[in-house]
1. What is the sum of charges around ILE45, taking Lys and Arg as +1, Asp and Glu as -1, for the other residues whose C-beta is under 13 Å from the C-beta of ILE45?
2. Which length gain, in nm to one decimal place, applies between ARG46 and GLU24 when the Cα-Cα distance is subtracted from 0.36 nm times their residue separation?
3. Tell me, what is the FRET efficiency for SER7 and LYS39 to the nearest 0.05, using R0 = 25 angstrom and their Cβ-Cβ distance as r?
4. Given (1) 8.7; (2) 5.3; (3) 7.8, which label gives mean projected area of the Cα convex hull in nm² as computed from the coordinates?
5. So how tilted is helix 23-48 from the main axis of the chain? Cα-based, degrees 0 to 90, rounded to 10.
Amino acid sequence: MPISDTSPEAAEVQLRLLREMSGEQRLRLAFELSDLAQKMTKAGIRQDHPEWSEGEVNREWLRQCFFPKPLPPGL
């Protein structure tokens with residue numbers, strides 16, 4: 001069983017609400033959560049590297065998402 005900080009009662013409410021959503025609503029929620037995760041990750045990168053340009057922040061975000069090693073120069 002996965003570790004969770006959500007009580008069983010709260011998890012039941014959450015599951016019920018998700019089941020009541022239309023497919024479009026669930027997809028919109030997934031996109032919103034993805035956007036939030038991207039913004040939070042980039043904010044962390046900016047905090048760690050305040051001297052970096054927006055391009056450098058985006059490059060590091062892509063590296064963290066898709067590559068275990070730094071991107072090659074020029075990408």
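Every read-out reported here was derived from the displayed coordinates using simple, explicitly stated rules and does not represent laboratory data. None of the values given here were measured: they were computed from a predicted structure. Here Cβ is always computed from backbone atoms with ideal geometry, including for glycine, and neighbour counts include all displayed protein chains.
1. Values: positive: LYS39, LYS42, ARG46, ARG59, ARG63; negative: ASP48, GLU51, GLU54, GLU56, GLU60.
Charge balance in the 13 Å sphere: 0.
2. Values: separation 22, 0.36 × 22 = 7.92 nm, distance 3.29 nm.
Result: 4.6 nm gained on full extension.
3. Working: r = 28 Å, r/R0 = 1.12.
Once the sixth-power term is evaluated, E becomes 0.35.
4. Among (1) 8.7; (2) 5.3; (3) 7.8, the one calculated here is (3).
5. Compared with the principal axis, the helix lies near 40 degrees.
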